[in-house]
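All of the numbers you see were taken from the coordinates with simple rules; none came from a lab. None of these values were measured; they are calculated from a predicted model. No Cβ is skipped: glycine too gets one built from the backbone with ideal geometry, and neighbour counts run over all protein chains shown.
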């Protein structure tokens, strides 16, 4: 509906309620409706699921149309990202938000900072989703409020052309609300627990839920050691639980991202149930590290597998876990991914130990032999030393090409002395094009950085503290922060406006008319920022 249609619709409602509603201004009501387009989290989930499905189809047609996101741990951080995206790029097309379980554990738990082991409160996940969308909806209301004030000013000046131009901006307004890919870890328990939490996340607005194949109560960060995976049937039960949650809530095209940690996980807690040779359980068990034994060698408490008439004893660790054979990670990843896609998952996530296009492409190409449409969400993780990794990749590539690399020490390529070298420039160029290259060659539909704002907050705070508490004093803040906000047009330099002060003034005027006591008068110091 256009702005004028919204006003007319509100006028019809006001008129139908007679004289007692005479002081309700239809245009004010229409403005408040437009500033609150999404009534519930389910509305958001349905809207954003449609965006993701459209983007996935466009990527299938053209791999240059990949998508991106940045992780966030607070609603304000997510809001600032989208405000910045709209300011710099004009729209939010193919740009999402990522909700990281690591950041919730480290920054949002009542226990204080925790490792990424699913020890934090599970409801903090859905709580952050709701918080993010509250801030994004407030960004909509704030920007629209500015357009409404712009429209009023044009009308007051008698400038019909300007007024019409502003109405056109209102009619074509693009929301800050974008998809959030939300981390449910390993489901925080059994399949029922996964279903219950998935419902909470969807009700908060999540259209895409990422779940991993680790054991829930042994869960580790994907870039740490000690990861333990579960048999496929256990994982598929949780995928189905998430799908049922989407369907129950009417988000019929919700997106499930199935993550495999098998590349770096050498352990399992369970031996899979198997009914016949070659079935899924048997394939899982085939990767176990076993010793062939004779029945006479069985000891009390031994667990054995009968495969092809041979008795195999899986190697069991003191922790009661079983280990996989070495160098089976890639095979297990491929099986995991094919199985997940054939049983309800929409996208894959392969956790790797380094950002290497060739390594990812090798696995994806094997998966695509069975599921040609397979595509990935990929973690461009701060856990990788990107500089060192790519300098070493260039060093190795040049060595294979026969290029002279005698001026470089491969083990010391991180050293600042290499920053201005030809090798460093080539590595930086490969980092710059990594996302486009991987989208084209390795099937990556969505690139994300899990923890960017954790690191940017630390870096900027360190710099401010060094200056402010040092010789620079107040100049450390003014020169390093506020002056940059002004020069770069950062919206939060007017922090009162960002917190909703101007919207509050609008509402005061709607509710009390000329009697409204508004904050945005001549003495408001925010006026110093223009």
* Asked: Based solely on its DSSP helices, what 222 nm [θ] is calculated for the chain when runs of n ≥ 4 H residues each add -39,500 (n - 2.57) and the sum is averaged over all residues, nearest 500 deg cm²/dmol?
  -> -15000 deg cm²/dmol
* Mind giving me the nanometre distance, one decimal, between the label points for residue 240 and residue 456, set 7 Å out from Cα along Cα→Cβ? => 4.2
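Write down the percent of antiparallel bridges among all DSSP beta bridges whose residues are both part of the chain, to the nearest 5.
Bridges in the chain are about 25 percent antiparallel.
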* **Exposure proxy ranking, count of Cβ atoms within 10 Å, fewest first, for 303, 228** => 303, 228
* How long is the gain from residue 24 to residue 233 if the chain were fully straight, where each residue apart is worth 0.36 nm and the alpha carbon distance is subtracted? -> 69.4 nm
* Let me know the shape class of the stretch 136-180, please: from the alpha-carbon gyration tensor, a ≥ b ≥ c as square roots of the eigenvalues, rounded when a/c is under 1.5, otherwise prolate if a/b is greater than b/c, or oblate. => oblate
* **Inter-label distance, nm, simple model (7 Å from Cα along the C-beta direction), residue 292/residue 316** => 2.3
* Whole-number D in µm² s⁻¹ for the stretch 470-516, Kirkwood Cα-pair radius fed into Stokes-Einstein, 20 °C, 1.002 mPa s -> 167
* Take peptides 376-383, 23-30 and line them up by average Cβ neighbours within 10 Å, highest first, as a rough protection proxy. => 376-383, 23-30
* Asked: Once fully extended, how much extra length lies between residue 399 and residue 37, figured as 0.36 nm per residue of separation less the alpha-carbon to alpha-carbon distance?
  -> 124.6 nm
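Using a Förster distance of 35 Å, how high is the FRET efficiency between residue 485 and residue 412, based on the Cβ-Cβ distance and rounded to 0.05? Walk me through the numbers before you get to the answer.
Details: r = 39 Å, r/R0 = 1.11.
According to the calculation, E is roughly 0.35.
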* Asked: In whole angstrom, how far apart do the alpha carbon centroids of the stretch 436-461 and the stretch 62-117 sit?
  -> 10
* Asked: Where does each of 103, 201, 32 land when they are ranked from fewest to most other beta-carbon atoms within 10 angstrom?
  -> 32, 103, 201
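Please report Rg over Rh for the stretch 207-343, where both radii come from the alpha carbon positions and Rh follows the Kirkwood definition.
Using Cα coordinates only, the ratio equals 1.03.
Averaging sequence separations of C-alpha pairs under 8 Å and six or more residues apart, then dividing by the length of the chain, give the relative contact order as a whole percent.
Relative contact order, the chain: 15 percent.
Find the relative contact order for the stretch 199-299 and round it to a whole percent, using C-alpha pairs within less than 8 Å whose residues are 6+ positions apart.
With pairs under 8 Å counted, the relative contact order is 32 percent.
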* Asked: Relative to the longest principal Cα axis of the chain, at what angle does helix 191-204 sit, 0 to 90 degrees, rounded to 10?
  -> 20
* Relative contact order (percent) for the stretch 285-416, with alpha-carbon contacts under 8 angstrom and 6 or more residues of separation? -> 17
* Label of the coordinate-derived value, semi-axes √(5λ) of the Cα gyration tensor in Å, listed as (1) 63, 25, 24; (2) 49, 30, 21; (3) 44, 27, 20 -> (2)
